[in-house]
Amino acid sequence: MRIGADYYPEHWEKERWKIDAEMMVKANIQVIRIGEFAWSLYEPTEDMYDFAWLDEALDYFNQYGIKVVLCTPSATPPKWMTDKYPDIFQDDIHGNAKVFGTRKHYCFNSDTYRQKTSVLVHKIAKRYANHPALEAWQIDNELGWSNTTRCYCDKCKKKFQMWLAEKYKTIENLNQKYGTVFWSQIYNSFEEVIIPKAGACYDTCHDTQGQNPALLLDYYRFCSDSVISFMNESVAVIKQYSEKPITTNMLDAAVNSGTGIDYFKCSEKLDFVSWDNYIEFQWGIAEAATVSRDHALLRSYKKQPFWVMEQQSGACGWSKMGPTPTPGKLRLWTYQAVANGADTVVYFRWRACPFGTEEYWHGILNHDGKPNRRYEEIAQIGQEMESLNKTLGALQPKARVAIIKSFDSEWSHSIHKHVEGFQYDRLLLAYYKPFYEMGIAVDFVTAGENLESYDIVLAPALLILNDDDKKNLEQYVEKGGKLFISFRSGIKDEYNNMRMETVPGQFVDMAGIEVHDYDPQFEKHTEVSGVFGRGRATLWCDIIEPVTAKPLGVYTEDFYSNSPCLTVNRLGKGEVYYLGCDLDDTAMKNLMKYLGEKANLPIDLYEISGVEITHATDDEKEVIFIMNHNTYPVVVAMKKPYRDLLTDLDIQDTVTLQPYGVAILE
Ligand code: GLA
Ligand code: ZN
C-alpha cells in the first residue's frame, strides 16, 4: 500500500518543484499523476509539438525516486482544434453543440478527434515508454463525467445506424424487436432510425421519457460501447510501445454516480482500475456505507487490487465549497480504501491552484504551499504504510456474498422506473448496507460469471436476464448456492420489451412461485411480517402465489393481507429466495442476518453503528480493519486477543477508537 498526489508541474514555477519534491519525499508520497489536461502544452498549434516541459518535469521528479502516472490528455481538446475542426464537438440531448471553455466537449465518435488523439498518444507513448519515472498510464480523465457519455450529434447518429445494421441485419428485424408498430414508428431503412433526443411529448415528459424503450436501451449500449472503443484505441496505441500498466479513472462516485459506461466491459482491456473519491464537497456528502460500496464495485470490476486516483484531501467545490475534512478523516478515508482492496491512494491535488475553474479546490496544501495539518496527517499515513508494508502484501477482502450488478438492468430501470421513487442504485445499496454493518465483505458480479466462491448471491431487481445467464444462476443454485431475487426481476427481454410470461418471468421455475397481481406503492405503503420481524414496503408489492416454494413472510394489510411477500424454494442442493417487496432498513437488516446465518457466515465481532469492520488478506495473513466513522469515541468488544499493527499494542478484550480512528488488527 502506498500514497501519491495528483500534480500539475505546469501550474507552478520551476523553482517551486524542489520544495514540492522534498515535501513529497518527506511525506512518503511515492507516485504523482501528471498531464491529463495538457494538450495545449503538448501541441500548442497544429502538428507543432513541445515535450520539453514534460521531459524536464519527469527527469526532475525522477531524481527524487518519485514515480509517475502519465495521462493521455484527450479530456481537453485545445482551442485551435475546436476552431479548425468544429465537428469534434459533441451535441447535448437537445441537439445543441457543446462549446469551448470547460472540458469533455468532444464526441467519442468524431473521426477527426479519434485521429488527433491517436497521433498524440503515439508520440507520448513512444517518447516516455522507457522513462525511468514511468509507473503507469491513465487514459483520458473521468470518461463520461457530467453526462458526456451520451452524445446526440449526427456523427453519432450515423455510427449508431451502422451499429444497428450490424446487430439486426434487416430493418424488418429491428422493427419487430423495437415494436415500431406502436405509435407509427415503422422504419423503412437503417438510415431512417433516429437517436433518442429530448422527447416531443413536451408537457408530460422530461428529457427522453416517451421515446421507444428498446431504442433507448440500444442507444445507451451504443454510447457505452463508443466510449470504451475510444478508450481502447488509446490503450492499443500505448501497448505498441510500453508494457507499463494502463488504467482510467472511473466515477462510480458515491455522490455523483452514473456515467452510463458499462464498467465491467470497460475494465476488460485495462490492466487495473481506479476511481475518484470525493466524499464531502459542493455536490453532496456521501455516507460511509456508500463509499464502501463504491470501493467494493471497483474491487469487483477486475477482482484485483485497484487505485483511488483522486482522493479528496481538502475542502472542495468549484463555485462553493464543502466542509474541510475534520482532522482524522483523511487518514480514515485512506484506510477505508485500503481495507476494501485499494493498494494505492492518490490525493487530489498536491496544492490548491491560484487560477481557473478549480481555484477553490483545496488539495493537501493550501494556496500558500506551506505544510499544514492535512500535510502532517498525510505524512503520518505515509510513515504508517511504510511500516505496514514490512509485514503485509497487497490486501483484498475475500467476499462470500455477491450482488449482481447489471448495467442493462440499470439502464432499463432508468428508462422506465416502475414507480415513483424506484432507483436501482439505491436498491443495490439497501442490500449492501446490512452486510457492511455486519462486517461482511460483498463483491459485485455479473450474472454470467463464475459464482461458485460465493455462499450467497443477491439479485435485486434483475430486470433483464438472458438465457445463458439464467442457466448460470440455475447451476449455481443446483450446486448448493443461495440465490436471492427481488421484485421486478426476470420480466424483460434483452430488447427491453416485456416478457409475455407469468411474473417473475425467467425466475418462475427457479423461485417456484407465480405472481398474478402486484401493487406499485404510489402514495401508499404496506405493512409486512415475516422472518425479518415487522416491516414496511414503500415501493412495490408482488402478491406471491407459491407453487413449490414455502412462505417466509406475508403482507398484513390491504386486499392481499396474508398473501406471501417472501418465499424460499429448494432447487438441487441450493435455495432460491424471492422477496416481492422492498423493506425498511431494520427489516432488511434482519432479513440479511437471517440469510447470513443460514449460510453460516461468520459474524465474529460485535457490531457498533458507524464502525466499519473489514477482513482482508494478502493470502498469507488476515488482518481486520476497524474504522470509526462516528464523531464520538467507541469501544469495540473483541472475542479474541489481537495485536494492533498501527500502535504495536496488544488488544485484549476491547479496542477503543477516537472519532475517525482506525485500528488494523492481526
Ligand atoms: C475530478 C477531476 C479532476 C478535478 C476534480 C475536481 O473528478 O478528475 O480533474 O476536476 O474532480 O473537480
Ligand atoms: Zn457525437
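The values are calculated or read from the model by the stated rules, or taken from the named source; none is laboratory data. This structure is a prediction, so every number in the text was calculated from the model and none was measured. Backbone-built Cβ (ideal geometry, glycine too); neighbour counts: all protein chains shown.
In table form, for the structure just shown:
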| item | result |
| --- | --- |
| Qualifying residue in region 117-128 (condition: outside the structural domain of L270 (by TED's automatic domain parsing), away from ligand 1 (no atom under 16 Å from the Cβ), among the polar types (S, T, N, Q) and not in a loop (DSSP other than H, G, I, E, B)) | no |
| Criterion (over 26 Å from K116 (Cβ atoms), buried (at least 21 other Cβ atoms within 10 Å of the Cβ) and of a type outside the set (V, I, T)) met by exactly one of G4, G35 | G4 |
| Region 99-117 - residue that is surrounded by fewer than 17 Cβ atoms within 10 Å (Cβ to Cβ) and touching a residue at least 12 places away in the same chain (Cβ under 8 Å) and, of those, nearest to ligand 2 (Cβ to nearest atom) | D111 |
| Verdict on L174 being closer than 23 Å to Q90 by Cβ and not in a loop (DSSP other than H, G, I, E, B) | no |
| Residue satisfying condition, being of a type in the set (A, V, I, L, M, F, W, C) and either in contact with a Cys (Cβ under 8 Å, 6 or more places away or on another chain) or in a loop (DSSP other than H, G, I, E, B) (or both), within set L552, L601 | L601 |
| Residue among S292, S224 that is out of contact with any Phe, Trp or Tyr (no Cβ under 6 Å at 6 or more places or on another chain), among the hydroxyl-bearing types (S, T, Y), on the phi < 0 side of the Ramachandran plot and not in a loop (DSSP other than H, G, I, E, B) | S224 |
| Cβ pairs under 7 Å, 6+ apart, first in region 608-625 and touching a residue at least 40 places away in the same chain (Cβ under 8 Å), second among the basic types (K, R) | T617/K398 |
| 1 or more residues more than 32 Å from the chain's Cα centre (by Cα) and away from ligand 1 (no atom under 16 Å from the Cβ): qualifying helices (runs of 4 or more DSSP H) within region 23-108 | 52-62, 79-84 |
| Test: residue in region 206-219 that is aromatic (F, W, Y), assigned by TED's automatic domain parsing to the domain that holds D262, within 16 Å of ligand 2 (Cβ to nearest atom) and surrounded by fewer than 22 Cβ atoms within 10 Å (Cβ to Cβ) | no |
| Residue in region 151-177 that is nearest to ligand 2 (Cβ to nearest atom), counting only those that are acidic (D, E) and exposed (fewer than 13 other Cβ atoms within 10 Å of the Cβ) | E166 |
| When residues of region 38-80 are limited to those that are of a type in the set (S, T, Y) and crowded, with 22+ Cβ neighbours inside 10 Å, the one farthest from ligand 2 (Cβ to nearest atom) | T72 |
| Selection count, region 345-368, where residues are among the hydroxyl-bearing types (S, T, Y) and away from ligand 1 (no atom under 16 Å from the Cβ) | 0 |
| Every residue from region 178-192 that is in contact (Cβ under 8 Å) with a residue 40 or more places away in the chain and either within 16 Å of ligand 2 (Cβ to nearest atom) or among the aromatic types (F, W, Y) (or both) | Y178 |
| Candidates W275, W333, W307, filtered to the one that is touching a Leu at 6+ places or on another chain (Cβ under 7 Å), among the aromatic types (F, W, Y) and crowded, with 22+ Cβ neighbours inside 10 Å | W275 |
| Of residues in region 222-250 being among the hydroxyl-bearing types (S, T, Y) and closer than 19 Å to K167 by Cβ, the one nearest to ligand 2 (Cβ to nearest atom) | S226 |
| Single unsatisfied condition, W137 versus (1) outside any loop (DSSP other than H, G, I, E, B); (2) within 16 Å of ligand 2 (Cβ to nearest atom); (3) within 16 Å of V235 (Cβ to Cβ); (4) of a type in the set (F, W, Y) | (2) |
| Test: residue in region 142-150 that is in contact with a helix residue (DSSP H, G or I) (Cβ under 8 Å, 6 or more places away or on another chain) and more than 16 Å from ligand 1 (Cβ to nearest atom) | yes |
| Count of residues meeting criterion [modelled with pLDDT of 95 or more, surrounded by 22 or more Cβ atoms within 10 Å (Cβ to Cβ) and assigned to a loop (DSSP other than H, G, I, E, B)] in region 227-261 | 2 |
| Selection status of I378, aliphatic (A, V, I, L, M) and over 24 Å from the mean Cα position of the chain (by Cα) | yes |
